[in-house]
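All remarks here apply to the structure that follows.
Here, each number is a calculation from the coordinates, and none is a lab measurement. Keep in mind that what you see is a predicted model, and the values were worked out from it rather than measured. Here Cβ is always computed from backbone atoms with ideal geometry, including for glycine, and neighbour counts include all displayed protein chains.
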Amino acid sequence: MAERLMILQGDKLVYEGLFDMKELITVVRQWAADTGYWVIDSHQNESVRPEGKYVTLEWIIFKKFTDYAKSLFKMNVQFQGIKDVVVERDGKKVKLQEGKAIISFDILLETDYENRWEVKPLFYVIRIIFEKYVYSPFISSFERQIKADYSLLKNNMKAYLNLAQLT
């Protein structure tokens, strides 16, 4: 079984106001393309209620560093009470959404994700020693890279939502 090191758990970005849902999703997908991550849509749910539309998106975003280690972002996006509004921007009418967006992140570093070192008990012991004494500098550099990538993603989302001064 793959070993998972939790880098960040339960970090949230909350925004309430006007935004474009499609554009926010594009910001995330563009970040993934720019940094070499793959995005998998794992779950999508939408319901319409009298107070507005509720949309839940769950993504698994990953990047393989080596055949032994990869980063794994679990991203949950909830749009609550979404209503379409038309606003005028630069003399043109633009359709936006108004409501609340809650974006939460769980970020992991997964090693031995192909379970190659789980075949025999001796391999398992060798893997523990290997990770502790030989591979630990690489794991530290992967952690730093993951944190930098996450910081870039969060800053891009804040810049789009104009939240830089709030948090």
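Some observations on this one:
- Point-charge dipole on Cβ atoms (K/R +1, D/E -1) for the chain, about Cα centre, debye to 20: 140 debye
- Converting phi to 3J(HN,Hα) with the Karplus coefficients 6.51, -1.76 and 1.60 and the offset θ = phi - 60°, the range 111-119 yields 10, 6, 6, 9, 6, 6, 9, 9, 5 Hz in sequence order, with x at every glycine or proline.
- Likely footprinting exposure, D112, D84, fewest C-beta neighbours within 10 Å first: D84, D112
- Residue (of N162, G36, L108) at the positive-pole extreme of the chain, dipole from beta-carbon charges: N162
- Share of alpha-carbon pairs per 10 Å distance bin for the range 3-161, given as whole %: 9, 33, 27, 17, 9, 4, 1
- Choice from I60, I129, I82 showing the highest fluctuation, given a GNM over the chain with Cα pairs closer than 10 Å: I129
- Look at the dipole of the chain built from charges on Cβ: of S140, T66, T56, the Cα furthest out on the positive end belongs to S140.
- Most mobile of S71, S136, S42 in a GNM of the chain (Cα contacts under 10 Å): S136
- When each of K63/K154; K132/K154; K63/K158; K63/K95; K74/K158 is checked by Cα-Cα distance, pairs over 28 Å: K132/K154; K63/K95
- For a paramagnetic label modelled on E51 (point 7 Å from Cα along Cα→Cβ), amide N atoms under 16 Å away belong, within the range 79-109, to 79-84, 98-102.
- Among T35, T111, T56: highest mean-square fluctuation, GNM of the chain, C-alpha pairs under 10 Å: T35
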